[in-house]
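The values are calculated or read from the model by the stated rules, or taken from the named source; none is laboratory data. Quantities reported herein were computed from a predicted structural model and do not represent experimental measurements. Backbone-built Cβ (ideal geometry, glycine too); neighbour counts: all protein chains shown.
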Amino acid sequence: MNEFEALAQAVIKGDIKTAVAETQRALDGGSEAKSILDKGLIAAMDEVGDRYSKGLIFVPQMLRSAKTMQECMKLLQPLFQEGDVTSKGKVLIGTVKGDLHDIGKNLVGMMMGGAGFDITDLGVDIPPEKFVQKIQELEPDIVCMSALLSTTMPSMSRTIEAMQKAGVRDKVKVMIGGAPVTEKYAREIKADSYASDAGSAVSKAKELLGAL
Amino acid sequence: MIIIGEKLNTSRKSIEEAVNKRDAAFIAKVARDQAEAGAHYIDVNAGTFMDEEVDYLCWLVETVQGEVDLPLCLDSPNPKALSEAIKKHKGEPMINSISLEEDRFHSLLPIITSQPCHVVALCMGQTSMPTTIEERVEVGSELIKKLTKEGIPLEKIYVDPLVLPVSVDTSMGVAALGAIHKIMNDFPGVNTICGLSNISFGLPERRLINRNFLALCIAYNLSAVILDPLDKQLMSTLLTLEMLLGRDEYCGNFIDAYQSGRIVGN
């Protein structure tokens, strides 16, 4: 974490004021926006996700860190040029058809955004055809599906089937999660990955893209 | 306070194993223990079995009612599981739950009107989850109106305000409490119900948080609660609060609990 150590620590602590000041200081000192993002903000959020997965920090702390990163991004965003590769990969995320729960999905989306993925959040109650349509339109690397009810879990399987029929299943990696969802279920419906929480969703996503 | 014992839920590892093995003795004991600790209803949930949920839920109903003489809370969003389980049930069960979500409402309606039962009305909107007190009250009121119109008496309706984690939004405790208070005021005779564990998701010391949330719910007039009646600290809090709010004549329940060793002081 080197030259951006103070920035990273401020993001981990969720200290918006210090983090924004550190970001400005780095810019004033001639650092590139891209390296501030990668080595400062994203490195910090990786640490936050890791600590959360290990139970060392809790949801409000994670939210606070993400908010801090967003505030710093406001300074960096205008400096990125068209064509700059700032994204670790494109992710489509949504809660499946019949299910209105969004807390888990939002936490996953937020942490993946913090890790440098480019997130498109479709929202809740998303039917299979909508997932398919958005895959065709946006060509994401990873599709994340969430369900909180055992009765809506089959929507995940139906969405994967719809992706197969439309011929887009092989073009993306599929990750699933949600309270009743298990590793075993992910294997049964031939998803590529299962994540148990927002922190591990990030590491699983990185694994998946390594395998792409 | 009406207590629904929550332990027979297959999302608990030991329960899932017992249900999977059809270990009737184990299930019967968990039911018996909860009944002795003061449960008025025993919740049964076999949601983790998915395709086999119908069979397992029916088996749970027969096994539990073979052991304790109590009504059950049939806990599933699955209309098929509920319609089969209700047929096996003796007496009036509590159905958990119906909501305003279109499919869920219409598929559950024939089940809850097929025989006398109590019904949990979850404040889940048609297309989204309510966030404020007002949105919860709006969904709850709508559900009460629809259900009473179908002939379900007000006193058999239990409105669940939808408890969401304070870790994600610190106004969620107040949102649920405010909705409980308003619904109890606006519809005299109706019940309100909730579980306690959602409130503490994402935070440490969850039992402490759940226990204090229960105390607040009681103060805001919650009339039924889904909890673990074997949690002595939680039950001690409940009994103490009921007594302090003048709902325990001659402090009888509190003293009984103390004399049978169910109160923990510190």
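Scanning the stretch A:123-132 for residues that are in contact with a Lys or Arg (Cβ under 7 Å, 6 or more places away or on another chain) and crowded, with 20+ Cβ neighbours inside 10 Å yields a total of 3.
Of everything in the stretch B:37-53 that is modelled with pLDDT of 95 or more and over 29 Å from residue A:189 (Cβ atoms), the residue that is farthest from the other protein chains (Cβ to nearest Cβ) is B:40.
Within the stretch A:49-66, restricting attention to residues that are exposed (fewer than 15 other Cβ atoms within 10 Å of the Cβ) and of a type outside the set (Gly, Ala, Ser), the residue that is nearest to the other protein chains (Cβ to nearest Cβ) is A:56. Applying the condition of being more than 26 Å from residue B:5 (Cβ to Cβ) and assigned to a helix (DSSP H, G or I) to the stretch B:177-197 and asking which residue is nearest to the other protein chains (Cβ to nearest Cβ) yields B:178. For the stretch B:154-170, the set of residues classified as touching a residue at least 24 places away in the same chain (Cβ under 8 Å) and surrounded by fewer than 23 Cβ atoms within 10 Å (Cβ to Cβ) consists of B:154, B:155, B:156, B:164, B:165, B:167, B:168, B:169, listed by residue number. The numbered conditions (1) within 17 Å of residue B:103 (Cα to Cα); (2) surrounded by fewer than 21 Cβ atoms within 10 Å (Cβ to Cβ) are all true for residue A:99 except (2). Does the stretch B:198-212 hold any residues that are surrounded by fewer than 18 Cβ atoms within 10 Å (Cβ to Cβ) and either away from chain A (no Cβ under 11 Å) or not charged (D, E, K, R) (or both), and which are they? Hits for the stretch B:198-212 are B:198, B:203, B:204, B:207, B:208, B:212. For the stretch A:31-48, the count of residues that are within 14 Å of chain B (Cβ to nearest Cβ) and at pLDDT 95 or above is at least one. The residue that is surrounded by the fewest Cβ atoms within 10 Å (Cβ to Cβ), among those in the stretch B:54-85 that are more than 23 Å from residue B:38 (Cα to Cα) and more than 14 Å from chain A (Cβ to nearest Cβ), is B:55. Those helices (runs of 4 or more DSSP H) of the stretch A:102-193 in which 3 or more residues are within 14 Å of chain B (Cβ to nearest Cβ) occupy A:103-114, A:153-165, A:183-188. Within the stretch B:53-85, the residues that satisfy the criterion of being farther than 25 Å from residue B:139 by Cα and touching a Ser or Thr at 6+ places or on another chain (Cβ under 7 Å) are B:53, B:57.
Sort through B:159, B:120, B:174 and tell me the only one that's more than 14 Å from every other protein chain (Cβ to nearest Cβ), under 19 Å from residue B:187 (Cα atoms) and touching a helix residue (DSSP H, G or I) at 6+ places or on another chain (Cβ under 9 Å).
Working: B:120 fails: touching a helix residue (DSSP H, G or I) at 6+ places or on another chain (Cβ under 9 Å); B:174 fails: under 19 Å from residue B:187 (Cα atoms).
Criteria check complete, one pass: B:159.
Pairs meeting the criteria (first residue in the stretch A:7-31 and on the phi > 0 side of the Ramachandran plot, second residue buried (at least 20 other Cβ atoms within 10 Å of the Cβ) and among the small types (Gly, Ala, Ser), beta carbons under 6 Å, at least 6 apart or on different chains) are A:14/A:65.
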